[in-house]
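The values are calculated or read from the model by the stated rules, or taken from the named source; none is laboratory data. Since the model is a prediction, treat every value here as computed from it, not as a measurement. Using ideal geometry, Cβ is built from the backbone for each residue, glycine included, and neighbour counts are taken over all protein chains shown.
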């Protein structure tokens with residue numbers, strides 16, 4: 001179980017997005033609007049898996065604590081207890097970072 005009360009369902013994954021870079025490579029401090037949202041984060045919680053047509057449940061490929069890459073526009077941002085999370089379909093995850 002995760003540390004948050006949010007528990008994704010089905011094949012959804014709850015991700016805490018990595019923090020945005022504060023400075024450019026040249027050392028310039030970036031204003032909030034100029035910061036790019038990272039496409040990397042840490043899995044906080046996972047659903048139980050998608051139910052297939054034959055009634056069996058597909059096993060999730062990621063687990064709590066995995067660092068993952070996800071698509072730029074994938075998922076939905078949600079706020080809960082002053083934290084911002086991203087809820088994404090497992091299929092929108094691109095890779096697990098080793």
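Summary table below
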| item | result |
| --- | --- |
| Filter result for residue 49 (assigned to a loop (DSSP other than H, G, I, E, B), within 21 Å of residue 94 (Cα to Cα) and modelled with pLDDT of 90 or more) | yes |
| Checklist (1) at pLDDT below 85; (2) in contact with a strand residue (DSSP E or B) (Cβ under 8 Å, 6 or more places away or on another chain); (3) more than 13 Å from residue 92 (Cα to Cα); (4) surrounded by 10 or more Cβ atoms within 10 Å (Cβ to Cβ) applied to residue 21, failing item | (2) |
| Test: residue in the range 72-82 that is surrounded by 13 or more Cβ atoms within 10 Å (Cβ to Cβ), in contact with a strand residue (DSSP E or B) (Cβ under 8 Å, 6 or more places away or on another chain) and part of a loop (DSSP other than H, G, I, E, B) | yes |
